[in-house]
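I have placed the structure first, in the form of structure tokens, so that the comments after it can refer back to it.
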Amino acid sequence: MENKASEKDTSSVRLTFRQKAFLDKVLDLYHEMREPLRYSLVADRLGVSKSTAYDMLRLLERKGLVAAEYVLPKETSGPGRSNVVFFPTAQAAEVFSQLTTGISEEEEWKKVKARVLNGLRQGEAPEYNDLLRDLLAMIPEARSPLVSCAEITTALLISLKEAKYNLAPDSPVGILLSTSSSKLGMGILTGLAAGFMLADKVSRRFFPRFEQYAERYARSLDQLRPEALETLHNYTQELMGVLATRGG
């Protein structure tokens, strides 16, 4: 029986940067394995949680780009519990090719920036724990270099705010931000913030996988184009301004 997902019209499919990056990885992994994929394998290879991989695969299934089927484990010949596996539909590669030039990294960035800054402005300072946990949960996922850097920087500064660190313009972090944008400057800034965070028990508890976050930040910062670096610098200044004016 034909899978209905493969019959969907995908001519108007729209994906976020994160969804496009995930689909790209799934296509690569499917071509490598040459068989339908278990979501646990996708999670392991992409460095995300199993629930994140499963939810994203189901989302792509609803968009007609991934299909699912249930199979028995290979070692089982008789009745047993079946496992769900996923594979790209015939339209996935075509749609991905169309979206490679059509997906807007800028749209993804605008959504992330608005969500973070609006959440901080509307929240009851200094209780930003929920936003901080959401940010940390998303960091291991496939994101653009700008979004990855911004999320990690945001998580670090929020954790310092929660620990009562001074984030005013005359603070060490604020002084660094007053200089012109550069990869060296942003690297030193986050390194300083990370040092403060690791020295404080309140802040440190939010970063159980700090090495992973540090590696992601360094890799993403290195990939930033000059205009994206300037955007990150300006965003961090705006973020500091919001945090400095909140109570706590």
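The values are calculated or read from the model by the stated rules, or taken from the named source; none is laboratory data. Just so we're clear, the structure is a prediction, and the values are computed from it rather than from any experiment. Note: ideal-geometry Cβ built from the backbone for every residue, glycine included; neighbour counts use all protein chains shown. Just the protein is used for accessible areas: all its heavy atoms, side chains included, with ligands, DNA and RNA removed. Shrake-Rupley method; radii C 1.70, N 1.55, O 1.52, S 1.80 Å.
Worth a mention:
- Filtering the range 153-198 to residues that are closer than 21 Å to THR245 by Cβ and β-branched (Val, Ile, Thr) leaves THR153, THR154, ILE158, VAL173, ILE175.
- Helices (runs of 4 or more DSSP H) enclosed by the range 177-240 - at least 2 residues per element that are among the acidic types (Asp, Glu): 210-223
- Of everything listed in (1) over 19 Å from the mean Cα position of the chain (by Cα); (2) at pLDDT 85 or above; (3) under 15 Å from VAL116 (Cβ atoms), the single unmet condition for LEU156 is (1).
- Within the range 15-44, residues that are more than 11 Å from PHE87 (Cα to Cα) have Cβ atoms under 6 Å from residues that are in a helix (DSSP H, G or I) and open to solvent by 70 Å² or more (accessible area, probe 1.4 Å) in these pairs: SER40/LYS50; ALA43/LYS50, counting only partners at least 6 apart in sequence or on another chain.
- Unmet requirement for ASP44, which otherwise passes all of (1) touching a Gly at 6+ places or on another chain (Cβ under 9 Å); (2) modelled with pLDDT of 75 or more: (1)
Matching residues to (1) among the hydrophobic types (A, V, I, L, M, F, W, C); (2) surrounded by fewer than 13 Cβ atoms within 10 Å (Cβ to Cβ):
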residue	(1), (2)
SER180	no, yes
ILE188	yes, no
GLY191	no, no
ALA199	yes, yes
VAL202	yes, no
PHE207	yes, no
PHE210	yes, no
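- Against the numbered list (1) closer than 24 Å to GLU151 by Cα; (2) open to solvent by 40 Å² or more (accessible area, probe 1.4 Å); (3) at pLDDT 80 or above, THR52 comes up short only at (2).
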